[in-house]
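Asks: So that we are looking at the same thing, I have put the structure below in structure tokens.
The values are calculated or read from the model by the stated rules, or taken from the named source; none is laboratory data. On a predicted model such as this, the values are computed, not experimentally measured, just so you know. Please note: Cβ atoms are built from the backbone with ideal geometry, for glycine as well, and neighbour counts cover all protein chains shown. The area values use the complete protein model at the heavy-atom level, side chains included, leaving out ligands, DNA and RNA. Shrake-Rupley method; radii C 1.70, N 1.55, O 1.52, S 1.80 Å.
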Amino acid sequence: MLEIIKEILKEVIGVSYVSLETDFIKDLHLNSFDVVNIICALEIRFNIEIPTRDIWHINTVNDLIEYLTEVKKIAL
Amino acid sequence: MKNYPFYQVDYYDTVIDFVRGIGKKYSESPAITVYDKNGEKQTYTYSMLKADVAGLSVALLSMGLCGKHVAIIGENSYEWLVTFLAVASIGSVVVPIDIDQSDDVIEQMVLKSDASALVFSADFSLLCQELKEEYPQIEHIISLENDFPCPNFSRLVAKGTEEIAKGNDIFTTIQTNSKALCIIFFTSGTTSTSKMVMLSQKNILINTSSAPASVFIDQGEKVFTGLPFNHSYGLVNSVLSMLVTGSWLCINGNTKTLFRDMALFEPETFITVPIVLNIMNEKLWQIIDEAGKTKAMERYLKKKSFLTKLGRASQPSFLKDINFTLAGHNLKKIVSGGAFLNNNIIENFNAIGIQIIQGYGITECSPLVSVNRNELSKFGSIGLPVSYCQVKIENDEILVKGDNVMLGYYKEPKLTEEAFEDGWFKTGDMGYIDKEGFLFITGRIKDLVVFNTGKKVSPEEIEEYVLGIPWVKECMVYGSETGQQKGDTVIAVLVYPDPEKTEGLSDYQVLSQIKRDIEIINRNLPTYKKINQVKLKKSEFAKTSTHKIKRYNQ
């Protein structure tokens, strides 16, 4: 899953050096449009819908993976 | 060049006159276009808009909502807009809720504003049902969509329309008071730090007509907005000001589809905030780069900045053959407000034949105070005062007087009194007026962090959360530039740790623990409010005589 997230982040915001601990706001300094672009890419990739409000609770790459696997039940 | 007469624009004294007036004058012309999730287009004419507002007004009156406070909780939509117009038409009070807030904050907003009815979109159905069960003062909940077990928008419009067909003429005969409270906007910040700005029908309608009196908008002109309706700029200037001119407005309520909808609609005019223009600017340079014209563009801009004092659009020949598909092919004019826009972006867009018109407003002034004009603008300026309001500078502060200035802050007479000086509203912004009458902003007196999205955060709100961390004794929240792009602001906090509780620990240990606690706070904050940088301070903060932290002397 980490590899897929890395791939998406590279494609959307041009950043490839991320780890599970990478914080979207503090480390990558993303603005609200970057966040929306990442959501859109994830929605297309996994054919899911992610409400913008769900994103608030996601700070790190690890949070995102947990959200996708536990809340959205994406199995890999 | 001297200022020239204002453009002629209709003025309506009450919202119901506005709805009747535009419905009659522009009847079968397209008023509102929306695209759904799949990109399917739906267009409503001015007649349809008027009929829907009339139907809903009649239904709301029969529910006993005359004079009540009605909160609207949902993303931008045609239904949102019709609800606003209907509630205001019957003389009731609209409370637009910022949906970028947590459920707890939304609950507090609903309670503080004394809402007795909640109108909501699907994402807020559960919250609104819970609020109705918990608080007896919330008498009604109304869904903007069809599939909920409570009164919904379509059913109410149909019911009211049926009443009208049977001879109910209340919508054609009702009179409301233009000076009465019409809308309560929440300013930046939430809970204890937010203020509720009370605006009358006259306040917002004066502003509605004065904006296009300064900036020409043609009848039938295709205009696009994605600004949230719960902000005064989004609702008054990007929607009502467009409808009063008979233009054709496309509304977007979802950042995910903003650029898609813009490309589909192909607007001539776009009303927005700086962050969106930053993104479009990147795309512009990408297109120029792909065409191999980067060097030529850089040379042109260097030369042009010496020669041009006016912000007028002019297109150099080497750019004429490039296909700039930033928002379809028709875009000629962009109105920007909410936060300050970098001058370079204005120049870049001018070079490709798109004029950017920058204005300045504040919710307490309904909101527009000044704006550059189509034929008269100045770089770095926020324009000339709009037709109805007077602006002056006193002790470097911008003061405003006129029919656009608010009734006051809801339930806060002391705050209201403090906001005025001899009948002039004190904006809290510092600036000056040049000899030609152009207004310039130089800074802020009030402690607000302004983002390039136009959103504003009161530092005290974030400080409240940070002070909840056990090891934090004092803290100061401020806006910090990321350095990635000019104007890209993030929230930063300077912390003075409690010396007793952190005795014997290294700075690294203290900072790590505080950062972990801040991560927990961040989990419940919307993206723009998340704390991005944390720094430690070795000594207590310098204080004023009233024991408040001196913000600018640390």
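Asks: In the full protein assembly as shown, how much of B:Val405 is accessible to a 1.4 Å probe, in Å² to the nearest 10?
Replies: 20
Asks: Report the relative contact order of chain B, percent, no decimals, based on alpha-carbon pairs under 8 angstrom and at least 6 residues apart.
Replies: Computed over chain B, the figure is 12 percent.
Asks: From other protein chains only, count the Cβ atoms within 10 Å of every residue's Cβ in B:253-266, then give the mean.
Replies: Taking all residues of B:253-266 together, the mean is 2.
Asks: A further question follows. Express the accessible area of the protein assembly as shown per residue in Å², computed with a 1.4 Å probe while the remaining protein chains stay in the model.
Replies: That works out to 43 Å² for each residue.
Asks: Also, I was wondering about something else. Enter the Cα centre distance for the pair region B:434-449 and region A:34-66, rounded to the nearest angstrom.
Replies: 38
Asks: Carbon and sulfur together cover what percent of the accessible area of chain B at a 1.4 Å probe radius?
Replies: About 51 percent, which is the carbon plus sulfur part of the accessible surface.
Asks: Using +1 on the beta carbon of Lys and Arg, -1 on that of Asp and Glu, and nothing else charged, what's the dipole of region B:15-254 about the Cα centre, debye to 20?
Replies: My answer is approximately 980 debye.
Asks: If amide H atoms are built 1.01 Å from N in the plane of the peptide, which residues on other chains or at least 5 residues away come under 5 Å of the amide H of B:Lys222?
Replies: B:Trp248, B:Glu268, B:Thr269
Asks: Ordering B:His329, B:His231 by how much accessible area each has at a 1.4 Å probe, largest first, what is the list?
Replies: B:His329, B:His231
Asks: Across region B:8-21, in residue order, what do the Karplus-derived ³J(HN,Hα) couplings come to in whole Hz, using 6.51 cos²θ - 1.76 cosθ + 1.60 with θ = phi - 60° and x for Gly and Pro?
Replies: 6, 9, 5, 10, 10, 7, 10, 5, 5, 5, 4, 5, 4, x
Asks: Additional query: Which residue, chosen from B:Gln175, B:Phe6, B:Gly246, occupies the Cα position most advanced towards the positive end of the dipole of chain B, where the dipole is computed from +1 (Lys, Arg) and -1 (Asp, Glu) charges on Cβ about the Cα centre?
Replies: The listed residue farthest towards the positive side: B:Phe6.
Asks: Using a 1.4 Å probe and counting only protein heavy atoms, arrange B:Met198, B:Met406 so the residue with the most accessible area comes first.
Replies: Largest accessible area first, the residues go B:Met198, B:Met406.
Asks: For B:Val472, which sequence-distant residues (separation of 5 or more, or a different chain) have an amide H within less than 5 Å of its own amide H, given hydrogens modelled in the peptide plane?
Replies: Under 5 Å from the amide H of B:Val472 lie the amide H atoms of B:Asp498, each far enough along the sequence or on another chain.
Asks: Return the long-range amide H neighbours of B:Arg444 (sequence gap of 5 or more, or a different chain), with a cut-off of under 5 Å between placed amide H atoms.
Replies: It is B:Met430, by chain and number.
Asks: Probe radius 1.4 Å, ligands and nucleic acids left out: can you give me the accessible area buried at the B-A interface, summed over both chains, in Å² to the nearest hundred?
Replies: 2200
Asks: Let me ask you something else. How many partner chain Cβ atoms sit within 10 Å of a residue's Cβ in peptide A:20-26, on average, as a whole number?
Replies: 4
Asks: Turning to a different aspect of this structure: Under 11 Å from a label point 7 Å along Cα→Cβ of B:Ile520: give me every residue in region B:441-473 with its amide N that close.
Replies: Only B:468-471 pass the distance filter.
Asks: Also, I was wondering about something else. I'd like the distance between the alpha-carbon centres of region B:1-63 and region B:343-404, rounded to an integer number of Å.
Replies: Cα centroid of region B:1-63 versus Cα centroid of region B:343-404: 26 Å apart.
Asks: Tell me, what is the FRET efficiency for B:Glu394 and B:Gln137 to the nearest 0.05, using R0 = 45 angstrom and their Cβ-Cβ distance as r?
Replies: Once rounded, the FRET efficiency stands at 0.60.
Asks: Considering only the other residues whose Cβ falls under 13 Å of the Cβ of B:Tyr7, what net charge follows from Lys and Arg at +1 and Asp and Glu at -1?
Replies: Residues close to B:Tyr7 contribute a combined charge of -3.
Asks: A further question follows. Across region B:263-272, in residue order, what do the Karplus-derived ³J(HN,Hα) couplings come to in whole Hz, using 6.51 cos²θ - 1.76 cosθ + 1.60 with θ = phi - 60° and x for Gly and Pro?
Replies: 5, 5, 7, 6, x, 8, 10, 10, 10, 7
Asks: Would you compute, from DSSP H runs of 4+ residues alone, the mean residue ellipticity of the protein assembly as shown at 222 nm, taking -39500 (n - 2.57) per run and dividing by the full residue count, rounded to the nearest 500?
Replies: -10000 deg cm²/dmol
Asks: Let me have the relative contact order for region A:2-71, percent, based on Cα pairs under 8 Å that are six or more residues apart.
Replies: Computed over region A:2-71, the figure is 36 percent.
Asks: Mind checking A:50-61 for the average number of partner chain beta-carbons within 10 Å of each residue's beta-carbon?
Replies: 4
Asks: Rounded to the nearest 0.05, what FRET efficiency is calculated for B:Asp434 and B:Lys302 with R0 set to 25 Å and r the Cβ-Cβ distance?
Replies: 0.50
Asks: Roughly how big is the protein assembly as shown's charge dipole about its Cα centre, with Cβ charges of +1 (Lys, Arg) and -1 (Asp, Glu), in debye to the nearest 20?
Replies: With only Lys, Arg, Asp and Glu charged at Cβ, the dipole is about 2020 debye.
Asks: Still on this model: Structure shown: which of B:Lys112/B:Lys446; B:Lys68/B:Lys456; A:Lys72/B:Lys112; B:Lys303/B:Lys392; B:Lys304/B:Lys455; B:Lys426/B:Lys455 lie over 27 Å apart, alpha-carbon to alpha-carbon?
Replies: B:Lys68/B:Lys456; A:Lys72/B:Lys112; B:Lys303/B:Lys392; B:Lys304/B:Lys455
Asks: Each residue of region B:85-99 in order: what ³J(HN,Hα) in whole Hz does its phi give by Karplus 6.51 cos²θ - 1.76 cosθ + 1.60, θ = phi - 60°, with x for Gly and Pro?
Replies: 5, 5, 4, 5, 5, 8, x, 8, 10, 8, 10, x, 9, 6, 7
Asks: Ok, one more. Out of every Cα-Cα pair in the protein assembly as shown, what percent are more than 49 Å apart?
Replies: Result for the distance tail: 11 percent.
Asks: Could you look at region A:2-71 and say what percent of its accessible area is carbon and sulfur, using a 1.4 Å probe and all protein chains?
Replies: C and S atoms contribute 50 percent here.
Asks: Give me the percent relative contact order of region B:15-254, please, defined on Cα pairs under 8 angstrom at least 6 residues apart.
Replies: Value for region B:15-254: 23 percent.
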